[in-house]
Amino acid sequence: MPVTRQRFEDLVFACAEALLAELPPHLRAEAATVLLEVADQPTPEQDPEGAGLLGLYEGVPLVERRPDDVFFQPDRITLFYRPLLEMAGTEAQLRREIRVTLVHELGHFFGFDEDELEQRGWG
C-alpha cells in the first residue's frame, strides 16, 4: 500500500490528537507533554534485539517520578513508518495500527509494563 511519509505523519498526528481528546482531562494534560516523532525504522540502539518495533516510548514513566525530581529529558514516543506500513494493507488498517501503537506507548508513559498492557488489550 503506497502511503507517503508525509501522509503517514499526518495520520499519526491526527490519531494522536483524537486519542488525547478521549482521555480524562488530568491524563490529557500529562500525555500532551510527551513529544511525538516519526522515524523510518528503529535504530539498532532502539531495537538491539531486532524485535521489529512499531513504536517506542523513551522517558521516565509517571508512576516512577517523585515530587522532588526536577529534571528529566522530555518523554518521547516514536512511531516507525516502515514497520507500521508493512503491517497494513489499507489506510484504514494503518490508522488502526497507529492507534494501537500510540495507546501501547502511552500506556508505558503512564507506567504499565508489557504484561499489564497485554491484559488490558493494548499489547
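All of the numbers you see were taken from the coordinates with simple rules; none came from a lab. Since this is a predicted model, take the numbers as computed values, not measurements. Positions of Cβ are backbone-derived with ideal geometry, glycine not excepted, and every protein chain shown enters the neighbour counts.
Take Glu17, Glu116, Glu49 and order them by how many other Cβ atoms sit within 10 Å, fewest up front. Don't skip to the end; give the middle numbers.
Numbers: Glu17 11, Glu116 14, Glu49 7.
Ascending number of Cβ neighbours within 10 Å: Glu49, Glu17, Glu116.
Report, to one decimal in Å, the Kirkwood hydrodynamic radius for the chain based on all distinct Cα pairs. Write out the running numbers ahead of the final one.
Values: mean 1/r = 0.0663 Å⁻¹.
This gives a value of 15.1 Å.
Please list 53-63, 34-44 highest first by mean number of surrounding beta-carbon atoms within 10 Å per residue.
Working: 53-63: 17.1, 34-44: 14.8.
Put in order of decreasing packing, that is 53-63, 34-44.
State, to one decimal in nm², a quarter of the convex hull surface area for the C-alpha atoms of the stretch 63-123, i.e. the direction-averaged projected area.
Working: hull surface 20.6 nm².
For the Cα atoms of the stretch 63-123, the hull's average projected area reads 5.2 nm².
Is there a quick way to get the dipole size of the chain? I mean about its Cα centre, with the Cβ of Lys and Arg at +1 and of Asp and Glu at -1; what is the value in debye to the nearest 20? Intermediate values should be presented prior to the final figure.
Details: 11 positive and 24 negative charges, 103 e Å.
Dipole about the Cα centre, nearest 20: 500 debye.
Out of all DSSP beta bridges with both ends in the stretch 1-94, state the antiparallel percent to the nearest 5.
DSSP beta bridges in the stretch 1-94 are roughly 45 percent antiparallel.
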